[in-house]
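Here's the structure, in structure tokens; my notes come after.
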Amino acid sequence: MSRDYEVTFIVRIEGTDDQINEIVDQAKGWVEADGASKVNRIDRWGRRKLAYEVERQREGYYVLFDASVEAKHMEELERSFTLAPQILRHLIVRKDE
């Protein structure tokens, strides 16, 4: 059963805009990997200053996905975001129904 989630993550700003777009597309692929899940909306907040330094980074590129994700796919999705070196931080929150 699909549920609605907000997937927010911060991309490391070390490359060009094209490289950041590739990372966002890769993250979208992680969400849609099982075939039943899909990204409904992508909201790019852009380059912003972090509240505190993370891994020697003072700025990051913020992205928010509104997604419908299968519950059984959540563990793999969390794992993908956690292990990705280009993602500084991520937060996946289930939306109220």
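Computed from the coordinates by the stated procedures, all read-outs in this text should not be read as laboratory data. What you are looking at is a predicted structure, and each value in this text was computed from that prediction instead of being measured. Note that each Cβ is placed from the backbone with ideal geometry, even for glycine, and that neighbours are counted across all protein chains shown.
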Exercise. Would the stretch 45-59 turn up any residue that is within 15 Å of the chain's Cα centre (by Cα) and surrounded by 14 or more Cβ atoms within 10 Å (Cβ to Cβ)?
Worked result: no
Seminar exercise, completed: Sole miss for Lys95 among (1) in contact with a helix residue (DSSP H, G or I) (Cβ under 8 Å, 6 or more places away or on another chain); (2) surrounded by fewer than 17 Cβ atoms within 10 Å (Cβ to Cβ) is condition (1)
Exercise. Are any of the residues in the stretch 66-81 surrounded by fewer than 12 Cβ atoms within 10 Å (Cβ to Cβ), out of contact with any Ser or Thr (no Cβ under 6 Å at 6 or more places or on another chain), more than 23 Å from Asp96 (Cβ to Cβ) and among the basic types (Lys, Arg)?
Worked result: yes
Exercise. Residues in the stretch 16-26: is at least one surrounded by 12 or more Cβ atoms within 10 Å (Cβ to Cβ) and among the acidic types (Asp, Glu)?
Worked result: yes
Exercise. Just wondering, is there one or more residues in the stretch 29-43 that are under 11 Å from the mean Cα position of the chain (by Cα), surrounded by 11 or more Cβ atoms within 10 Å (Cβ to Cβ) and in contact (Cβ under 8 Å) with a residue 40 or more places away in the chain?
Worked result: yes
